[in-house]
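Working notes, beginning with the structure itself.
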Amino acid sequence: MVHAMEDEQTKQKRKEALQDLFHEMSLEDCPILVEGLRDRLALVIAGIDESHIIMLHGKPLYEVEEYLEMHDRVILLLDYDREGKKLFKRFRRYLQKHKVRIINRYRRIIYQIFDGHLDCIEHLRRYFT
């Protein structure tokens, strides 16, 4: 969870850092895997083309696997909570096994922007509404 008592200056700095990061991410031209609808919505609001965002929740694994087979690299932007970490490990193993390059840089940088105080990707939405 993001700090509830975040001051406006900190919020503005984080917003600017996220805008730069999402712009850079949109130039990658590869799929971005997120957990659910709210995560997807947060990225769309931030300016990411929704056609690049793949939701894992509610999709059968084979459907996600078929889509990923068409790509040689992917951005894993999963939550930082227990479930997100578990999913991250699972997909990392699968992707490495299938020789798909994982771009984890953006997930790491977002975590750093929030000094480790962010649980869910969906919480990024508040910086763009």
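The values are calculated or read from the model by the stated rules, or taken from the named source; none is laboratory data. Computed from a predicted model, the values in this text were never measured in an experiment. Because the Cβ atoms are built from the backbone with ideal geometry, glycine has one as well, and the counts that use them run over all protein chains shown.
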Completion exercise
Reported set for the range 88-116 where residues are at pLDDT 90 or above, out of contact with any Lys or Arg (no Cβ under 8 Å at 6 or more places or on another chain) and more than 19 Å from residue 73 (Cα to Cα) is 110, 111, 112, 115
Exercise for the section: Would you mention how many residues in the range 33-72 are touching a residue at least 40 places away in the same chain (Cβ under 8 Å), surrounded by fewer than 19 Cβ atoms within 10 Å (Cβ to Cβ) and either among the aromatic types (Phe, Trp, Tyr) or closer than 21 Å to residue 117 by Cβ (or both)? Expected result: 3
Handout entry: Considering residues of the range 109-122 that are in contact (Cβ under 8 Å) with a residue 12 or more places away in the chain, under 12 Å from residue 18 (Cα atoms) and assigned to a helix (DSSP H, G or I) only, the residue farthest from the chain's Cα centre (by Cα)
Key = 113
Exercise for the section: Among the residues of the range 23-32, write down those that are assigned to a helix (DSSP H, G or I) and surrounded by fewer than 19 Cβ atoms within 10 Å (Cβ to Cβ). Expected result: 23, 24, 26
Completion exercise
Of (1) part of a loop (DSSP other than H, G, I, E, B); (2) in contact with a strand residue (DSSP E or B) (Cβ under 7 Å, 6 or more places away or on another chain); (3) of a type outside the set (Asp, Glu), residue 59 fails just (2)
Practice task
Quickly run through the range 95-119 and pick out the residues that are under 26 Å from residue 65 (Cα atoms) and aromatic (Phe, Trp, Tyr).
Solution key: 106
Exercise for the section: Among what's in the range 78-94 and is part of a loop (DSSP other than H, G, I, E, B) and touching a residue at least 40 places away in the same chain (Cβ under 8 Å), pick the residue that is surrounded by the fewest Cβ atoms within 10 Å (Cβ to Cβ). Expected result: 80
Practice task
Hey, could you check the range 78-99 for residues that are within 25 Å of residue 22 (Cβ to Cβ) and aromatic (Phe, Trp, Tyr) and say which is farthest from the chain's Cα centre (by Cα)?
Solution key: 91
Exercise for the section: Return yes when residue 75 is under 30 Å from residue 16 (Cβ atoms) and in contact (Cβ under 8 Å) with a residue 40 or more places away in the chain and no when it is not. Expected result: yes
